[in-house]
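The values are calculated or read from the model by the stated rules, or taken from the named source; none is laboratory data. Small disclaimer: the values here were computed from a predicted structure and weren't measured. Here Cβ is always computed from backbone atoms with ideal geometry, including for glycine, and neighbour counts include all displayed protein chains.
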Amino acid sequence: MDSALFWEMVIKALILILVLLTGFAYLTYYERRGLARIQSRVGPNRAGPAGLLQPVADAVKLIFKEEFIPGKAYKLVFILAPIITVVPAILITATVPWGGVVNIGGREVMLSIADVNVGVLYIMSVASIAVYGVVLGGWASNNKYAMMGGLRSTAQMVSYELALGLSFVGVILLANSMRMSEIVEAQRNLWFVVIQPVGAIVFFFATLAELNRGPFDMPEAEQELSAGYNVEYSGMKFALFFMAEYTKMVSISAIIATLFFGGFRGPWVDAVPGLGPLYMFIKIFLILFLMIWVRASWPRIRYDRLMDFGWKIMLPLSLALVFISAIGILFAELYGDMWMWLVPILSIVAGAIAVHTINLSLRRKANAR
Amino acid sequence: MTTDLILFLILAAVAIATAVGMLLSRNAVYSALFLVLNFTTVAVFYLLLGAPFIAITQVTVYAGAIMVLFLFVIMLLGSEKLPERTVLPWQKPTAVFLAFVLMVEGAYLIFTQTASGIITNNPVESTGSPQAIGELLFSEYLLPFEVTSILLLVAMVGAIVLTGDRKKGGQS
């Protein structure tokens, strides 16, 4: 490896980390303003013009807060847990391509950190490592509520990881590759969200559960479940958990955009490769709005229903979607490309059956009371 | 090649240290964490050998899924702390004996079979890619693959039956 390549990698990684951390700070502002708008409030508007300096004020406040470590806590793991949560949140975007090849000062620079041939699997494995921060944070607090909260969130994350992994499989089948740049390339003519709409929805909800967010935000349920794994954390350590959640939101929006919405592709991106990151930014911005919108609109789902939904609806549905994608691809190879449209039709049918099942189960519960 | 060697030596030290740590720590959660580190180090070994697919699968399956379940069981049972006294008195001599047997076997294999290519230097580039592994799984190793999946299915059904709610259904 020559030194220029080395420095290129270091600079790209640094830029990505800086972008993610700034994205985290301004995502909190975006979310608070968005939520306020939906609830017809104003939201933070005092610090700086239109409240734009609010994240800075929050950061200063959190840094100067007292950090409290419970006396009976397992100190090393207690300190390590927030770090284990944050690092995967930043690492996970390493395989996401942010654009094509750009010419900077006579040097061809690929706008992605690591375009490896197992890119999709890499995302899965990093996501599965992130679970440790939650479970260890709950355990190390040496507090029954924190531990139960940690186990609760971890069980949720592990359960929804299955649906997440299986919805990856649909995309891999359609793109015929696990390399993220080839997945983007395969969506040159048609986004995968058109071919596999239900897959995109399943993926979206699985990631929401994976993030402990939206209608699945058990750690936020202070009133009824006494928060969760982060109940003993304060100051900057609590902020790190918070940071992990929001950084992961940005990362996962980037991954959704890459897998289902054509990644950095958009009009004229072949002629002007610099447009790639801009398109990515727009897509991430819109998907983040979707997440905020979901959080503002839907009540928190009860824990047993959450697990039922994960295991009895999401998992069979995503398995069926894999099967449907495979059938569509097989028919398209055998009888011509028009058969590819079998995939969206059958997917929507499968999705409708799933929604009907949810309705049925809810009705039965209502009658039982 | 030398960078590879240095990397290997450092990683080997880490792998051995974490394995020893796993054995010696008196807290089961720490043991589990050492094992996670060990699995991750082994994954990096696979990367060094040019098999990224196996490396990533190692992290996802062992470090990501199985060890989380281990931690779950340890935490739910509340059995992190090992008792000071050993519960099984015959365990220590048996362990020493079995370890000795394993070491002799390993030494025998290393000293007799080195020439026939157990230790190879060439990376498995052709067999390390996802495509190659997929093709092998669905052609040469199709039967073992299917048998394994049926075994896993049986285990899954068994777990569901064992933990199933007997009051409601009545037939399980």
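Numerical summary
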item: Test for A:Pro44: is it touching a Lys or Arg at 6+ places or on another chain (Cβ under 6 Å), not in a helix (DSSP H, G or I) and not hydroxyl-bearing (Ser, Thr, Tyr); result: yes
item: Subset of the stretch B:21-40 that is assigned to a helix (DSSP H, G or I) and of a type in the set (Gly, Ala, Ser) - its residue that is surrounded by the fewest Cβ atoms within 10 Å (Cβ to Cβ); result: B:Gly21
item: Qualifying positions in the stretch A:140-176 - surrounded by fewer than 24 Cβ atoms within 10 Å (Cβ to Cβ), small (Gly, Ala, Ser) and touching a residue at least 40 places away in the same chain (Cβ under 8 Å); result: A:Ala155, A:Ser159, A:Gly165
item: Any chance A:Val118 is out of contact with any Lys or Arg (no Cβ under 6 Å at 6 or more places or on another chain), surrounded by fewer than 20 Cβ atoms within 10 Å (Cβ to Cβ) and within 8 Å of chain B (Cβ to nearest Cβ); result: no
item: Among (1) out of contact with any helix residue (DSSP H, G or I) (no Cβ under 8 Å at 6 or more places or on another chain); (2) among the basic types (Lys, Arg); (3) within 18 Å of A:Val126 (Cα to Cα), the one test that A:Arg188 misses; result: (3)
item: Residue that is nearest to A:Arg179 (Cα to Cα), among those in the stretch A:262-281 that are surrounded by 14 or more Cβ atoms within 10 Å (Cβ to Cβ) and among the hydrophobic types (A, V, I, L, M, F, W, C); result: A:Phe264
item: Condition broken by A:Ala50, with the remaining ones in (1) of a type in the set (Gly, Ala, Ser); (2) within 11 Å of chain B (Cβ to nearest Cβ); (3) not in a loop (DSSP other than H, G, I, E, B) satisfied; result: (2)
item: The listed residue being in a helix (DSSP H, G or I), at pLDDT below 85, surrounded by fewer than 21 Cβ atoms within 10 Å (Cβ to Cβ) and within 11 Å of another protein chain (Cβ to nearest Cβ), out of B:Ile74, B:Ile66; result: B:Ile74
item: Residue match in the stretch A:73-84 (condition: over 29 Å from A:Leu121 (Cα atoms) and surrounded by fewer than 18 Cβ atoms within 10 Å (Cβ to Cβ)); result: yes
item: Test: residue in the stretch A:260-273 that is modelled with pLDDT of 85 or more and not hydrophobic (A, V, I, L, M, F, W, C); result: no
